Ligand code: NZQ
Ligand code: ZN
């Protein structure tokens, strides 16, 4: 194994942590751009509580609301403009992965005179990799992407039908203020899609990475088993704080670089899903619930050992040996069954997606 691990984000994880927003933000700035989505934080009261905490600590605020699921570059441009015009010195993302991703690129665009789309890899010969950004504080309200503690951001261009990512060290949030209570208002469908996203973040490296990573395998299996067990509890009762907390912690470790360290896996399932999202503007986790089992069935034929291990360790199946393809396939069937039990039910959505689903999954 060979790898380098770096993650400078300070993580504060506690129920009720939202009350500390003013205190921690005031260590980084005096005027905050509050980035929000389509209104869930207003309806839940989280926005008002955040503003009150900031005010008490002497941090004034200006808002950039309306970040879409699958956040758009036009919104990033708008947010960066507000931050500049209003003289902001810190950016606070209050919402799901879309809000956090948009906030990160706004923070880098603050210092960049060109178009922020230059930062998103979309086949341009020389992507602009940002080296400077305003400090970003993430306050996630949905457990899914892990964006709160990583250096990635995924942005869509609605004009060109592209959805892609940027990764840069300056995009690591300075603080992830994680309060699992904020996720108790997430509806069942988004909770289920989040669980699927969390699991897919670790299966990418697990199935597609290099051999000889036994500790990473066990980390990944821990994330999968925890997301499955506590995910079902959170779906059964959205106000179960312990379940929400475990799922949220799983979402953070799944993609903060720790579990995948040294696996050198690509992200094939994510790349396919991003293309689906780019054309059909579907929910990321919903797309993954279609693509991941289909990809697993394809990949198991080429590399059955890892899929047999998955079947054995996650579902307790008895394999006849590392090449037992039937056992590998049974494990994938069970996994798909789990996804369906959460409400991720691909055939229902296939009607909406039409030929995209047919092309990839048939
Ligand atoms: O927009 P609002 O009104 O806030 O509502 C959102 C949205 O409709 C709602 N929601 C969020 N928190 C809520 C809530 N509703 C009620 N109560 C709450 N507490 O949920 C809906 C989905 O939100 P969104 O932020 O879009 O979801 P998610 O966190 O799954 O983020 C998806 C985006 O992240 C990207 C995806 O591609 C997609 O664009 N990803 C980012 C990654 C990263 N930065 O590392 C990695 C991921 O693999 C992923 O690609
Ligand atoms: Zn994902």
If only one of 239, 226, 263 is within 22 Å of residue 313 (Cα to Cα) and not in a helix (DSSP H, G or I), which one is it? 263
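Determine whether residue 208 is over 15 Å from the mean Cα position of the chain (by Cα), within 16 Å of ligand 2 (Cβ to nearest atom) and assigned by TED's automatic domain parsing to the domain that holds residue 341. Don't jump to the end; show me each part of the working.
Numbers: over 15 Å from the mean Cα position of the chain (by Cα): yes; within 16 Å of ligand 2 (Cβ to nearest atom): yes; assigned by TED's automatic domain parsing to the domain that holds residue 341: yes.
Yes; evaluated as a whole, the condition is true for this residue.
When you check residue 98 against the structure, is it over 23 Å from residue 5 (Cα atoms), within 12 Å of the chain's Cα centre (by Cα) and within 16 Å of ligand 2 (Cβ to nearest atom), yes or no? Walk me through how you get there before you give the answer.
Numbers: over 23 Å from residue 5 (Cα atoms): yes; within 12 Å of the chain's Cα centre (by Cα): yes; within 16 Å of ligand 2 (Cβ to nearest atom): yes.
Judged against the criteria, residue 98 is a match.
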Anything in region 31-81 that is under 22 Å from residue 280 (Cβ atoms), in contact (Cβ under 8 Å) with a residue 60 or more places away in the chain and in a helix (DSSP H, G or I)? List them, or say none. 73, 74, 76
Go through region 77-86 and give me each residue that's in contact with a strand residue (DSSP E or B) (Cβ under 6 Å, 6 or more places away or on another chain) and either within 16 Å of ligand 1 (Cβ to nearest atom) or not assigned by TED's automatic domain parsing to the domain that holds residue 108 (or both). 79
Going by the structure shown, is residue 313 assigned to a helix (DSSP H, G or I), modelled with pLDDT under 95 and within 27 Å of the chain's Cα centre (by Cα)? no
Restricting to region 1-58, name every residue that is within 23 Å of the chain's Cα centre (by Cα), away from ligand 1 (no atom under 15 Å from the Cβ) and over 18 Å from residue 141 (Cα atoms). 3, 4, 5, 6, 8
Out of the residues in region 65-90 that are buried (at least 18 other Cβ atoms within 10 Å of the Cβ) and within 21 Å of residue 183 (Cα to Cα), state the one that is farthest from the chain's Cα centre (by Cα). 65
Can you find a residue in region 127-141 that is without any contact (Cβ under 8 Å) to a residue 60 or more places away in the chain, within 16 Å of ligand 2 (Cβ to nearest atom) and farther than 20 Å from residue 31 by Cα? no
State the number of residues belonging to region 209-219 that are in contact (Cβ under 8 Å) with a residue 24 or more places away in the chain and under 14 Å from residue 264 (Cα atoms). 6
Of all residues in region 106-121, which are in contact with a strand residue (DSSP E or B) (Cβ under 6 Å, 6 or more places away or on another chain), buried (at least 16 other Cβ atoms within 10 Å of the Cβ) and assigned to a loop (DSSP other than H, G, I, E, B)? 120
Among residues of region 254-272 being in contact with a helix residue (DSSP H, G or I) (Cβ under 6 Å, 6 or more places away or on another chain) and under 29 Å from residue 181 (Cβ atoms), the residue nearest to ligand 2 (Cβ to nearest atom) is 255
Please pick out the residue among 143, 133 that is within 11 Å of ligand 1 (Cβ to nearest atom) and part of a loop (DSSP other than H, G, I, E, B). 143
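What about residue 170, is it surrounded by fewer than 24 Cβ atoms within 10 Å (Cβ to Cβ), in contact (Cβ under 8 Å) with a residue 12 or more places away in the chain and part of a helix (DSSP H, G or I)? Don't jump to the end; show me each part of the working.
Details: surrounded by fewer than 24 Cβ atoms within 10 Å (Cβ to Cβ): yes; in contact (Cβ under 8 Å) with a residue 12 or more places away in the chain: yes; part of a helix (DSSP H, G or I): yes.
The answer is yes for residue 170.
Restrict the check to region 254-265 and report whether at least one residue is under 16 Å from the mean Cα position of the chain (by Cα) and without any contact (Cβ under 8 Å) to a residue 24 or more places away in the chain.
Restricting attention to region 254-265, the residues satisfying the condition of being under 16 Å from the mean Cα position of the chain (by Cα) are 254-260.
Imposing the further condition that a residue be without any contact (Cβ under 8 Å) to a residue 24 or more places away in the chain reduces the set to none.
Within region 254-265, not a single residue is under 16 Å from the mean Cα position of the chain (by Cα) and without any contact (Cβ under 8 Å) to a residue 24 or more places away in the chain.
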Selection status of residue 282, at negative phi, within 14 Å of ligand 1 (Cβ to nearest atom) and in a helix (DSSP H, G or I): no
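The values are calculated or read from the model by the stated rules, or taken from the named source; none is laboratory data. Note that the coordinates shown come from a computational prediction; the quantities given were computed from them, not determined experimentally. No Cβ is skipped: glycine too gets one built from the backbone with ideal geometry, and neighbour counts run over all protein chains shown.
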